[in-house]
C-alpha cells in the first residue's frame, strides 16, 4: 500500500508540472541487477515514477556466498542481495516488469522503448544491462560454476583461495594478468592457455612469478568431492581446488549503440562523472560501464546516476533556483 501511494503521488506531481501531458514514466530502467534496483530506490524516494524492465537473472544471482559485500561479515548469497534490493525498490513504488526491451529510440523529448509488445515512453533511461560472461566450453562446467569450483571474479573471492591449488583458463594475456593477481593468495597457480600460441606474449612474467604454464585444450571437467579435475594432456589428470575463467565478457550495449552512444575501448559504455552517456537523457551504471565489475561499484554508480537524473528533470520542469 505504501509503495502504491507513493507511486500515485509521483504521478500526480508529474501531471501538475507538465499540465497532464506526461510520458508513461519518468524513468525507464533496463536491468534488475544491483545497479538497476539501487537506482530505482533512489528515484522513487525522489517521487519519480519508475519502471524496471527485468530481462532475467543478473550475474549477481550466481553468487553462492559473498564475503566482500559491505555490511555482511558472515556473507550473503546473491539471491538474498537481489531479494532485499527488490523489496526495497518496490516498497517505494518502483514497478518491476519481466521482459526484455527489444528496441529503444528517441521521439522528441522522450525515449520510446518496445517492451512485451507495447511501447513505453520515458523522459530518461538508465541502462543497467550488464555483461555476458564467456564460460569455458566444457562438459559439466555449469555444475562446476554452481558449486563455485569454477569462478569468474578473483577480486570478489580471491581471498578464499589462499594457499590452494588454482588454475586459470585463458586464451590471451588476460589470463596471465588474472593468474598474476591470484599469486597474491597462493604459490600454486597454473595458467591453462587454450588460445593460439601467439596470443600469449607475457611468458616471461609467468616464469618470474612462478606460475606454471600449460598450453593445451581441456577435454573434460570432472568434479570429485570439493575438487576440480581437468582431463587433458592426452588423457592425463590434473586436480585443482578451484578454476578461474579468464575468457572475458561481452557488454550488453546494443540498445545504446542503436542510439549512437559512444563506447570505450573495451566495448563498454563510456560515461561522464554523473554516469551520463554521450546521448542526452541516457545514463548507464554497473558492469555495462567501463570499470570494476563489483556490486559496491554498481550501486555507487546507480546512486550518482539517479541523483543526476532527478536534478536534470527538476531543471527541465523549472523546479530549480
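Of all residues in segment 66-81, which are more than 30 Å from residue 116 (Cα to Cα), in contact (Cβ under 8 Å) with a residue 40 or more places away in the chain and not in a strand (DSSP E or B)? Within segment 66-81, 67, 68, 69, 70 qualify.
Considering 296, 256, 284, 303, the condition of being under 26 Å from residue 70 (Cα atoms), buried (at least 20 other Cβ atoms within 10 Å of the Cβ), in the same structural domain as residue 113 (by TED's automatic domain parsing) and touching a residue at least 40 places away in the same chain (Cβ under 8 Å) is satisfied by 284 alone.
A single member of 266, 272, 241 is within 30 Å of residue 170 (Cα to Cα) and outside the structural domain of residue 189 (by TED's automatic domain parsing), and it is 266. Checked against the criteria, residue 300 counts as closer than 22 Å to residue 26 by Cα, outside any loop (DSSP other than H, G, I, E, B) and within 16 Å of the chain's Cα centre (by Cα).
Touching a helix residue (DSSP H, G or I) at 6+ places or on another chain (Cβ under 7 Å), modelled with pLDDT of 90 or more, under 30 Å from residue 319 (Cβ atoms) and buried (at least 17 other Cβ atoms within 10 Å of the Cβ), is that true of residue 60? It is false that residue 60 is touching a helix residue (DSSP H, G or I) at 6+ places or on another chain (Cβ under 7 Å), modelled with pLDDT of 90 or more, under 30 Å from residue 319 (Cβ atoms) and buried (at least 17 other Cβ atoms within 10 Å of the Cβ). Close contacts from segment 144-172, counting a first residue that is closer than 17 Å to residue 131 by Cβ and in the same structural domain as residue 60 (by TED's automatic domain parsing) and a second that is at pLDDT below 90 and not in a loop (DSSP other than H, G, I, E, B), with Cβ to Cβ under 6 Å and a gap of 6+ residues or different chains, come to none at all. When segment 193-203 is limited to residues that are more than 12 Å from residue 213 (Cα to Cα) and part of a helix (DSSP H, G or I), the one that is farthest from the chain's Cα centre (by Cα) turns out to be 198.
Among the residues of segment 216-239, just one is at pLDDT 80 or above, in a strand (DSSP E or B) and loosely packed, with under 14 Cβ neighbours inside 10 Å, namely 239. Within segment 152-164, the residues that satisfy the criterion of being closer than 14 Å to residue 189 by Cα and buried (at least 18 other Cβ atoms within 10 Å of the Cβ) are 154, 158, 161. State yes or no: is residue 47 in the same structural domain as residue 100 (by TED's automatic domain parsing), touching a residue at least 12 places away in the same chain (Cβ under 8 Å), closer than 23 Å to residue 124 by Cβ and not in a helix (DSSP H, G or I)? When the stated conditions are applied, residue 47 passes them.
The values are calculated or read from the model by the stated rules, or taken from the named source; none is laboratory data. All figures in this text were calculated on a predicted structure; none of them were measured in a lab. Every residue, glycine as well, gets a Cβ built from its backbone with ideal geometry; the counts of neighbours run over all protein chains shown.
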